[in-house]
Structures are given as structure tokens and as C-alpha cells.
Amino acid sequence: MNAFKKKLLFFMPSIEEGGVEKNLFIISNYIQKKKIKVEVLTCNYNKKTKFNKNIKIIGTQSSFWYNKNRKIKYTVCLIILFFHLLLNRKKTLVFSFQANIYAIFICKILNTKIITRSNSSPSGWSENFFKRKIFIFLIKLANGIVVNSLDFKKEFNNKFKVKAKCIYNPLDKSFLLSNRLKNKKKRLFKKKSLKILTVGRLTDQKDHITLLKSVKLINEKSKPHVIIVGKGDKYYDLKNFVKSNNLNQKVTLTGYINNPLDYLKQTDIIVLTSKFEGLPNILLEGQLLKKYIISTNCPTGPREILLNGKCGDLIKIGDYRNLAKLINNYYKSKRIIKKKINFGTKNLSRFDYELNCKKYLSFILDNF
């Protein structure tokens with residue numbers, strides 16, 4: 001069967017607001033332009049406008065499902081996937097972005113090809129013995145596996161003896177640069193403050209508490225203003241920490257912002273305090289906009305993006321004291337920081353949009 005007569009089904013039950021979603025939109029829209037029939041199976045029909053109009057959204061359409069938790073969305077979409085493939089299994093290649101193990105199980109039962117994309121380092125969950133064993137057994141049944149960093153690829157090989165293909169996140173420079181100045185005249189940070197920004201889901205993985213602890217140690221003379229963009233189950237924990245430590249004048253929790261590029265444009269420092277990652281987009285976007293980056297040296301991604309500290313600074317996970325120290329040295333270290341920033345922007349070509357989208361296209365066609 002000709003590959004272009006087959007359908008590519010992206011499986012993403014819960015489309016939220018983050019880097020994984022950005023990559024889903026970029027990759028699916030690019031693939032559709034190559035005259036491949038693309039479908040997306042999700043509970044978030046409200047994200048339809050993010051996709052090319054020729055991409056078919058299947059799954060649930062009711063707003064009832066939009067804000068349900070992931071487990072519920074997984075269950076609903078896995079049931080739909082099963083019955084959808086019963087009718088289309090010979091014509092469909094599944095590309096799973098979420099709930100990969102469950103999707104693989106269903107596809108193997110129905111003798112359907114499936115490729116998967118792993119989004120964050122297994123270091124965050126692989127210590128669970130039973131989960132690890134089940135994962136190792138099922139992941140090897142996938143027809144192809146994509147990860148988004150070389151360190152991530154090494155982890156897969158070392159921990160699970162599974163060979164994965166590394167394809168970097170496609171960085172759409174033209175889109176980012178053309179959309180970054182919508183609020184050019186609006187001041188988002190306090191006047192004459194040291195502007196510090198972090199963007200990401202408010203979850204334990206992102207460990208925003210480490211950033212908040214560092215704020216208590218930042219020199220008052222620099223007038224630090226920290227903005228945390230994102231939503232998640234740790235919102236009230238963070239809000240209570242801010243209140244109980246009298247940080248209300250220094251920290252702003254914005255909630256979800258549809259396009260935080262205006263915040264990125266105005267900030268001085270971008271901070272990432274994650275315990276584990278995949279390949280965090282916020283660091284790529286920060287480099288593109290020539291910002292100073294401080295990140296935890298977590299598995300995986302930051303060390304690779306920052307070229308082991310040549311393009312920004314790396315700290316140990318949870319090391320709020322060193323984070324505060326680096327922030328306090330911001331003005332003193334401007335010359336060194338500028339060199340790191342320039343080195344980072346010069347080395348962004350490996351994340352090029354067209355280069356990496358072509359790699360995804362080739363990976364998909366190889367598995368049709």
C-alpha cells in the first residue's frame with residue numbers, strides 16, 4: 001500500500017498547555033502539508049484551531065471533557081482508539097504522544113503499527129519496579145520510538161536496552177519572532193526591577209519551590225521581581241508559600257498565559273528548576289530571544305541545550321542557594337553572561353524547524 005494512502009493518527013488524549021503540545025501542533029501541521037492524511041485523537045476538541053483545517057479531530061467534542069483529569073481522558077480515548085482501529089487498522093499508523101504504553105498494547109492486539117514519542121526523562125518515574133518491567137516489555141513492541149535529546153536517547157538505551165531515535169524539537173524562529181511584541185508598550189514587570197521569569201506547569205516536576213526559596217536570598221538592592229507563568233495542582237501551595245514568606249511584593253503568579261512571549265521579551269533572566277525534563281522549549285525560546293538562562297542540570301535536555309554551561313548556567317536540582325548566588329551576580333557578571341548568550345544563539349541551528357520536521361517526516365514514512 002502506498003504510504004500516502006494511509007492515515008497518520010496522532011494519539012494525544014489530553015492537550016494542555018506546554019512544550020509537548022507545541023511540538024504536536026508543529027509536527028502534525030507540517031506532516032499534513034506533505035499531503036499525508038492526518039487525524040488527531042483527543043478529548044480536547046477545543047484545541048482544533050491550533051491544527052491545520054485539513055486535519056481531522058476525532059474523539060470527543062463536548063466541552064464536558066476539556067478539563068477532566070488525564071486518567072479520565074486516557075480511558076475515554078483508549079476506548080475510542082480501540083474501536084476506531086477495528087475499522088481502520090490496515091490503513092492507519094498511530095503516532096502516540098501520550099499514554100504510550102496503553103496505546104502500544106491496543107495497537108499490538110489489533111495488529112496496527114505504532115510509533116511513539118517520549119516527552120520527558122524516565123528518571124522521573126522509572127524507579128518503580130513493576131512499572132519499569134511493564135514499560136520495558138511493551139515499549140519494545142513499538143515500531144519506532146522518538147526522543148528529543150541525545151541524553152534522553154542514552155537513558156533509554158542504558159536503562160531499558162531500547163534503541164530510540166533522537167529528533168530535536170523543531171524551533172520555529174519566524175513564528176516566535178513575529179509574535180513576540182504584541183504588548184511592547186505594556187510593562188509586565190515592575191519598573192527598575194531585576195526581571196526573573198519561569199514558564200511551566202505548576203507541578204512537582206517543575207519544582208517552583210526551589211525558585212521561591214532563592215528569592216528570599218536575593219539582594220534587596222536589585223529589586224527582584226519574579227513572574228511565574230503557568231497553571232497546575234501546585235498553585236495553592238506556591239501561593240501559600242509566597243504569602244507566608246512575605247514575598248507578595250517580589251513574586252507574581254499569573255496563571256496560564258496563552259502566549260508568554262511578551263514576558264520572555266521583557267525579562268532579564270529565565271529560570272528552570274525542574275527535577276526532570278525532555279528538551280524544555282522555554283530554554284530554546286530564551287536563547288532565541290538572547291536571554292540569560294539558569295537551569296537545573298536535570299535529566300534530560302538542559303545540559304544539552306546549554307552545551308554543558310557554555311550558553312547559560314547549570315545548578316544542582318533543588319540548589320536554591322546557588323541559584324540565588326547566580327542571580328545576585330547578574331549585574332557583576334554581565335560581560336561573561338553576554339558571551340554565554342551569544343554562544344547560545346550561534347548554536348541554535350541544531351534545533352532548526354525545517355531540519356527537524358524533515359527528520360520527523362522521514363521517521364514517519366519509514367514506518368508506514
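Residues in the range 21-35 that are of a type outside the set (S, T, N, Q), touching a helix residue (DSSP H, G or I) at 6+ places or on another chain (Cβ under 8 Å) and in a helix (DSSP H, G or I): Glu21, Lys22, Phe25, Ile26, Ile27, Tyr30, Ile31.
May I ask you to list the residues in the range 54-74 that are closer than 29 Å to Leu365 by Cα and either at pLDDT below 95 or not charged (D, E, K, R) (or both)?
Asn54, Ile55, Ile57, Ile58, Gly59, Thr60, Tyr74
Here Gly318 fulfils each of the conditions (1) of a type outside the set (A, V, I, L, M, F, W, C); (2) touching an Asp or Glu at 6+ places or on another chain (Cβ under 6 Å); (3) surrounded by fewer than 22 Cβ atoms within 10 Å (Cβ to Cβ) apart from (2).
Regarding the range 262-278, can at least one residue be identified that is closer than 16 Å to Ser149 by Cβ, in the same structural domain as Lys192 (by TED's automatic domain parsing) and over 15 Å from the mean Cα position of the chain (by Cα)? The answer is no, given that none of the residues of the range 262-278 is closer than 16 Å to Ser149 by Cβ, in the same structural domain as Lys192 (by TED's automatic domain parsing) and over 15 Å from the mean Cα position of the chain (by Cα). Restricted to the range 85-128, and to residues that are surrounded by fewer than 20 Cβ atoms within 10 Å (Cβ to Cβ) and within 22 Å of Ile36 (Cα to Cα), which residue is nearest to the chain's Cα centre (by Cα)? Among them, the one singled out is Lys113. The conditions of being in a loop (DSSP other than H, G, I, E, B), among the charged types (D, E, K, R) and free of Cβ contacts under 8 Å to residues at least 12 places away in the same chain are met by Lys332.
Val38 falls short on exactly one of the conditions (1) surrounded by fewer than 20 Cβ atoms within 10 Å (Cβ to Cβ); (2) touching a helix residue (DSSP H, G or I) at 6+ places or on another chain (Cβ under 8 Å); (3) in contact (Cβ under 8 Å) with a residue 24 or more places away in the chain; (4) not acidic (Asp, Glu), and that condition is (1).
When the criteria are applied in full, Lys231 fails the requirement of being modelled with pLDDT under 95, part of a helix (DSSP H, G or I), within 20 Å of the chain's Cα centre (by Cα) and in the same structural domain as Gly200 (by TED's automatic domain parsing).
Taking the criterion of being farther than 19 Å from Ile282 by Cβ and of a type in the set (A, V, I, L, M), the only residue of the range 306-335 that qualifies is Ala324. Filtering the range 139-162 to residues that are crowded, with 17+ Cβ neighbours inside 10 Å and either assigned by TED's automatic domain parsing to the domain that holds Gly278 or assigned to a helix (DSSP H, G or I) (or both) leaves Ile139, Asp151, Phe152, Lys153, Glu155, Phe156, Phe160. Taken together, Lys56, Lys48, Lys35 contain a single residue that is out of contact with any Leu (no Cβ under 7 Å at 6 or more places or on another chain) and under 23 Å from Glu354 (Cβ atoms), which is Lys35.
The values are calculated or read from the model by the stated rules, or taken from the named source; none is laboratory data. These figures come from a predicted structure and were not determined experimentally. Using ideal geometry, Cβ is built from the backbone for each residue, glycine included, and neighbour counts are taken over all protein chains shown.
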